[in-house]
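The next block holds one structure in the form of structure tokens; read it before the comments.
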Amino acid sequence: MSASTAPFSVRYRRSVGDPDLKPRLLDFQRSWRESRDAQVRRLEQRTERSFDALRRDFAAVKDATLERMDDYIAEFRANAEAAGATVVELSTAAEAVSYIASICKSRGIDLVVKSKSMVSEEIELNHELEQQGITAIETDLGEWLLQLAEERPSHLVMPAIHQKRQYVAEILGAELGREFDPDDIPEMVASARDGLRRHYLSAGAGLTGANALVAETGSIMVVTNEGNMRLATSLPDVHFVTAGIEKLIPTWADAERQLQLLPRSATAQTLSTYTTCITGAQPGKEMHIILLDNGRRAMREQDVISDALRCIRCGACANVCPPYQVVGGHTFGHIYTGAIGLVNTTFHHGIEDAAGPQGLCVSCGACETVCPVAIPLPKQILEVRHQAHESGHAPLWERLALKLWARPRLFHYLMGIGALAAGLASLAGLVRNDHLRLPLPRKLRWRSVPTLPLRSGQTLVKSRATQDAIADSPASGQTVDLFAQCLADRLLPSAVDSAAKLIEAGGGLVNLPDGQHCCGLPAFDAGDWGTARQMARQTIETLEQSGNEIVTPAPSCVIAMQDHWPRLFRDEPDWLDRAEAVSNRVHDLASWLDSPGRLPDGCLSDGANGSWTAHRFCQASNRGDPGARIDLLVERLTGEPALPLEEPEVCCGFGGLTSLAAPEVGEGILERKLNCVAESGCDTLITNNPGCAIHLRAGANAGGASHETLHYADFLAARLPRNE
Amino acid sequence: MSTLIERTSRFAEGLDAAQGELFQCNAWDELWQYADSLSGETPAVSPAVHAHLQRGDLPDVNDPLRSIADRQVGITEAKLAIAETGSVLLIEPAPIDRAVSLLTRHLIVGVAREDIVDELSDGFRWLAQQPRAAAYATFVTGPSRTADIERSLTIGVQGPSRLTVAVLG
Ligand code: SF4
């Protein structure tokens, strides 16, 4: 069994055990990001439209086409057949394979040269044809290397990105019977030209995919760089095209729209070397266009999922994905990799193959920001994760932990015991800088275990003197409900207390609704929507009492209430209304401090010395929440500029349960973040989500980093004047 | 609508970004002289270029594969050039049309200066109006390339490793 076809757990262990993978993919992601951003900027300047407007335009084209799919299939078929092609619509992978095999057999073809086609990977064509005595040879260099190594692609457009050049030299050497110098990449590339040329001449058929199927003329459009596709469609007598039915677009004008987005998002090229348009069979030759369903119609039936059919397979969603950088595509995906692979695998290959990697996604939302067809990937991944959970694919420990978490009284009771135990540990000298000094297993040593403070956030708020107002704001005299967040309440209680002080500093009055616990986010994230609903209902009941505006130091809870609650209660109209009434009143503290509880510019300008920088909670940043710019807030209030931080909005690796379920992923992402923080040279790292603050602090503690980690509320509140 | 001079200079930039080279000349004969001087071998020419050149001393192009495979220099013709991207549009309905652009090492593409259009959308508009041309049409943007081994950009894979666009007139 090769590295890429083993069961998920084996693939996972292998990828985290590969010391070269992470740095190589990190390099790749960073350089792709830079060139892609430059390309997108130029496109925006030239068209005088934003990337978002351009991608929404093309997404609308795809949506309208998918809506009337059968009409466009009919139009495409009529035009392609008029031009001499044969068009077949097939439902399953097996049907597609047997169609191709039977044409080959009836024409006496035993060799097929292939240009890159993800659909042919999807149906595992090479393997299946081989069973029937037909050899298929990949002619795209990357795909050929995979074929020689018996591997699957680890990326949609850079299929062999996981292979090291030493390894490439080895497999090419074995295939071609000569030695290769791993450092002479041009020589290895040249050998592909020589090694493959004879196959083109002797193959009876060439096979390609299609980046688009143009209905108005029945044409296919294929985007490539190497020239192999043109050879494969020029020399053999039969041309097979394997394409998903979602590749249809109405017109050539739409093809041009797709090309504005595809190469820029895929390889950060303005245009790939060859954009080839073929209409019909060439004189004396045959063309067979296989339009494959294989789960696509089922995707179209699911509201949340159907947008995934817009996908143009650019791979951008993998290029910004933090867990992908740590584990690569053999682990983060099945045959389709990256965020889209976490979504469409269920439909093309089944829940068994889709379930494994679901827990690796940290829900940071980066994929959606670069997707050139604006697919709501994070939302869809959570949907599939839910389906995986429902079909029994969730670890027992996770299910049990969530059940405990869902019971506020029991949760607080256990936390209380934990806090006492932590107190005892402290007496025994097992605590340093608020973290336990425990002998952890190696794979968990990267993050220290924070102690449980004896007093919770809510206790701190209740037992302190109120903060005097330092300024008038539109919220002066207004009572607001403070939602502590379960995690902050227990593990970062100071942030809850600081939030209360900052609200009061702006003239607000703080009410702490009794019995508050958890919005349901951890369970929702884990796909356990039943438990999530239970938690959400309890929170709604708690927060609907007063009718006050609600403020929380935890932006993740704001997102959960605004984005996830409507999904949890989509089948319960009463609860949906109640949920909405609460979520409409909820504010992230950072945005509250801008409006309406506005603190004046420079009002916190004297305080602690030392430089600072800000890690901005990825999910809120990628969602475009203005409150996520805590750097701007803190600069405005303190008058002190932040130090520059690389990748300030890239996930820190907390990712809810991911860092527990896949600790190496949490560790890898955290390492990327802490390296950026170290490079900034800051004394203090501030951040906005309590989970991130706890995680970043525990990671810095374990790694012996010199900076201090604070929730921005603590950073700001420390500068408030003491009450008279 | 931009001027010809503007379009030519934009095209030159686009082509340069795609690692292609520009050659400006007055007529096909001049292009031929240039191509012929590049290597010891006679350049391979596509049927259309053959017709343009009207030279008695050119080999026939009847057996494209054997006579053209891996020849050092090939000459073909483009219908349009796209200023925005530095691409040329090749219309090659028969395999014999493609032999030169597929199999030679250094491809020279002749295009008339007045056939340089502003944007890719102009190219597609043209294509939509010429259904026969779309039988096998390729926008070629620079020489063939790959980055499949450790993302290291290597120019020249199955297609030409050098691309020159000769703007005529
Ligand atoms: S989901 Fe979007 S970003 Fe990912 S491959 Fe498809 S089009 Fe590209």
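Some observations on this one:
- Among residues of region A:154-169 being among the β-branched types (Val, Ile, Thr) and either in a loop (DSSP other than H, G, I, E, B) or more than 10 Å from chain B (Cβ to nearest Cβ) (or both), the one that is farthest from A:Pro236 (Cα to Cα) is A:Ile161.
- Looking only at region A:234-271, residues that are of a type in the set (Ser, Thr, Tyr) and facing chain B (nearest Cβ under 8 Å) come to 4 in all.
- Residue match in region A:366-373 (condition: away from chain B (no Cβ under 14 Å), within 13 Å of the ligand (Cβ to nearest atom), among the polar types (S, T, N, Q) and open to solvent by less than 10 Å² (accessible area, probe 1.4 Å)): no
- When A:Gly280, A:Gly244, A:Gly206 are screened for being touching a strand residue (DSSP E or B) at 6+ places or on another chain (Cβ under 9 Å) and on the phi > 0 side of the Ramachandran plot, only A:Gly280 passes.
- Boolean, A:Phe411 is surrounded by fewer than 24 Cβ atoms within 10 Å (Cβ to Cβ) and either within 14 Å of chain B (Cβ to nearest Cβ) or within 14 Å of the ligand (Cβ to nearest atom) (or both): no
- When A:Arg399, A:Arg409 are checked against the criterion of being of a type in the set (Lys, Arg) and in contact (Cβ under 8 Å) with a residue 24 or more places away in the chain, a single residue qualifies: A:Arg399.
- Some residue of region A:306-321 being within 20 Å of the chain's Cα centre (by Cα) and of a type in the set (Asp, Glu): yes
- Residue count for region A:293-332, restricted to those that are basic (Lys, Arg), surrounded by 21 or more Cβ atoms within 10 Å (Cβ to Cβ) and away from the ligand (no atom under 13 Å from the Cβ): 1.
- Where helices (runs of 4 or more DSSP H) fall wholly inside region A:77-151, the ranges with 1 or more residues that are hydroxyl-bearing (Ser, Thr, Tyr) and touching a helix residue (DSSP H, G or I) at 6+ places or on another chain (Cβ under 9 Å) are A:93-106, A:118-122.
- Applying the set (1) of a type in the set (Ser, Thr, Tyr); (2) open to solvent by 20 Å² or more (accessible area, probe 1.4 Å); (3) within 16 Å of the ligand (Cβ to nearest atom) to A:Ser426 leaves exactly one unmet item: (3).
- Only a single item in (1) of a type in the set (S, T, N, Q); (2) farther than 22 Å from A:Ile630 by Cα; (3) open to solvent by 10 Å² or more (accessible area, probe 1.4 Å) is not met by A:Ser494, and it is number (2).
- Helices (runs of 4 or more DSSP H) completely within region A:564-611 that count 2 or more residues being touching a strand residue (DSSP E or B) at 6+ places or on another chain (Cβ under 6 Å): A:589-592
Yes/no matrix, rows are residues, columns are (1) more than 8 Å from every other protein chain (Cβ to nearest Cβ); (2) part of a strand (DSSP E or B):
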site	(1), (2)
B:Leu89	yes, yes
B:Pro93	no, no
B:Ile96	yes, no
B:Val100	yes, no
B:Ser121	no, no
B:Ala128	no, no
B:Ala134	no, no
B:Thr138	no, yes
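- Matching residues, region A:499-515, being open to solvent by 10 Å² or more (accessible area, probe 1.4 Å) and touching a residue at least 60 places away in the same chain (Cβ under 8 Å): A:Lys501, A:Gly507, A:Gly515
- Residue in region A:262-276 that is open to solvent by 20 Å² or more (accessible area, probe 1.4 Å), more than 16 Å from the ligand (Cβ to nearest atom), within 30 Å of A:Glu48 (Cβ to Cβ) and not acidic (Asp, Glu) present: yes
- Residue check for B:Val73: open to solvent by less than 10 Å² (accessible area, probe 1.4 Å) and within 11 Å of the chain's Cα centre (by Cα): no
- The set of residues from region B:107-117 being in contact with a strand residue (DSSP E or B) (Cβ under 9 Å, 6 or more places away or on another chain) and open to solvent by 10 Å² or more (accessible area, probe 1.4 Å) comprises B:Ala112, B:Arg113, B:Asp115, B:Val117.
Here is a yes/no grid of residues against (1) touching a Ser or Thr at 6+ places or on another chain (Cβ under 7 Å); (2) under 17 Å from A:Cys371 (Cα atoms):
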position	(1), (2)
A:Pro19	no, no
A:Gln39	yes, yes
A:Gln45	no, no
A:Glu48	no, no
A:Ala53	no, yes
A:Ala59	no, yes
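- Selection count where residues are more than 8 Å from every other protein chain (Cβ to nearest Cβ) and closer than 17 Å to A:Pro283 by Cα, scope region A:187-219: 4
- Every listed requirement among (1) over 25 Å from A:Thr658 (Cβ atoms); (2) in contact with a Pro (Cβ under 9 Å, 6 or more places away or on another chain) is met by A:Trp405 save one, (1).
The values are calculated or read from the model by the stated rules, or taken from the named source; none is laboratory data. No experiment lies behind these values; they were computed from the predicted model shown. Because the Cβ atoms are built from the backbone with ideal geometry, glycine has one as well, and the counts that use them run over all protein chains shown. Protein only, heavy atoms only, side chains kept; ligands, DNA and RNA dropped before computing areas. Shrake-Rupley method; radii C 1.70, N 1.55, O 1.52, S 1.80 Å.
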